[in-house]
1. Working only within segment 57-74, note down all residues that are more than 16 Å from D91 (Cβ to Cβ) and in contact (Cβ under 8 Å) with a residue 60 or more places away in the chain.
2. Filter segment 22-40 down to the residues that are part of a loop (DSSP other than H, G, I, E, B) and either of a type in the set (G, A, S) or under 16 Å from I4 (Cβ atoms) (or both) and list them by number.
3. Is at least one residue of segment 42-56 under 30 Å from V224 (Cα atoms), touching a residue at least 40 places away in the same chain (Cβ under 8 Å) and in a helix (DSSP H, G or I)?
4. Kindly indicate which of D27, D12 is closer than 20 Å to Q120 by Cα, modelled with pLDDT under 95 and surrounded by fewer than 23 Cβ atoms within 10 Å (Cβ to Cβ).
5. Looking at (1) under 22 Å from S173 (Cα atoms); (2) modelled with pLDDT of 95 or more, which is the only condition S52 fails?
6. In segment 43-66, is there at least one residue being exposed (fewer than 14 other Cβ atoms within 10 Å of the Cβ) and basic (K, R)?
7. How many residues, within segment 131-166, are in a strand (DSSP E or B) and in contact (Cβ under 8 Å) with a residue 40 or more places away in the chain?
Amino acid sequence: MKIIIPIKRVLDPYTQARINKQTQLVDLTNAKMAMNPFCEIAVEEALTLKESGSASETIAVSIGTDKTVDTLRTALAMGVDRAIFIKTETDLDLQPLHIAKILANIINREQAELIIMGKQAVDNDNNQTGQILSGLLDYSLGTFISKFDLSSDAKSVEVCREIDSGIETRKLSLPSIVTVDLRLNEPRYASLPNIMKARSKPLEIIEIESLGIDITPRIKVISVEESGTKDRASKQINSAEEFFSELNQLGVL
């Protein structure tokens, strides 16, 4: 069984985001970048399946400029077998539909039976790509996964997903897409020997234009603002009536 793990290069979640006043976008100039934390969890789960003998190959896929290769190398250093880099010349405004179409192209080419991906990226929090990808490929889908068990015949997976009222258990037939949550596992660190080995692992580069996919933006970002943390204050609410009164004063209701 072949596993594909889509990963994304994002602003390090432990650094403070800055807003470029001219472009009204997050300023990534000289910013520290890292692999999306949910993608790290997806990589760990794929590696666990490979080490158990349930998977024949693990493949990391990422989209972006040349700097994205560093993120793919991190996945390779963690233990992924090979990587596919979809290269763009500039930082395109790729939206979930575009990303899903690109991934669908790669998944069809590789004939992967299982796609493990983060439930969302911490930079935009869209939480849409996995769901759209499932629709494009007609693969079964499990979202917000906190537990994952592959059947002994490798034809289905049982997943536990977190919902508002508790934990929901579902059985998915393969091929399948699962989007993983924080409590699924603890990602491993890449050791120095594995970091060195990662440089010799296969990394295929595909120009985005060669895929023939329309990447025209469907959504326009009007503005981005820093959260007003300095002006925030907490207040204890003792009743529902008081809560609604506060909302009325804020003009929410």
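The values are calculated or read from the model by the stated rules, or taken from the named source; none is laboratory data. Small disclaimer: the values here were computed from a predicted structure and weren't measured. Here the Cβ is made from the backbone with ideal geometry for all residues, glycine too, and neighbour counts use every protein chain on show.
1. The first filter runs over segment 57-74 and keeps only residues more than 16 Å from D91 (Cβ to Cβ), leaving 57-61, 72-74.
Matches in segment 57-74: L72, R73, T74.
2. Start the filter on segment 22-40 by keeping residues that are part of a loop (DSSP other than H, G, I, E, B), which leaves 22-24, 27-32, 36.
Result: A31, N36.
3. Step one: list which residues in segment 42-56 are under 30 Å from V224 (Cα atoms), which gives 42.
Narrowing the set further to residues that are touching a residue at least 40 places away in the same chain (Cβ under 8 Å) leaves 42.
Restricting the remaining residues to those that are in a helix (DSSP H, G or I) gives 42.
Scanning segment 42-56 turns up at least one residue that is under 30 Å from V224 (Cα atoms), touching a residue at least 40 places away in the same chain (Cβ under 8 Å) and in a helix (DSSP H, G or I).
4. Values: D27 fails: closer than 20 Å to Q120 by Cα.
Residue meeting the stated conditions: D12.
5. Result: S52 fails condition (2) only.
6. no
7. Let us first name the residues in segment 131-166 that are in a strand (DSSP E or B), namely 140-150, 156-163, 166.
Retained after the next criterion (residues that are in contact (Cβ under 8 Å) with a residue 40 or more places away in the chain): 148, 150, 157.
Selection size over segment 131-166: 3.
Yes or no, residue by residue, for (1) under 18 Å from L203 (Cα atoms); (2) of a type outside the set (A, V, I, L, M):
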position	(1), (2)
K2	yes, yes
I5	yes, no
A17	no, no
V26	no, no
K32	no, yes
L49	no, no
S52	no, yes
E57	yes, yes
S62	yes, yes
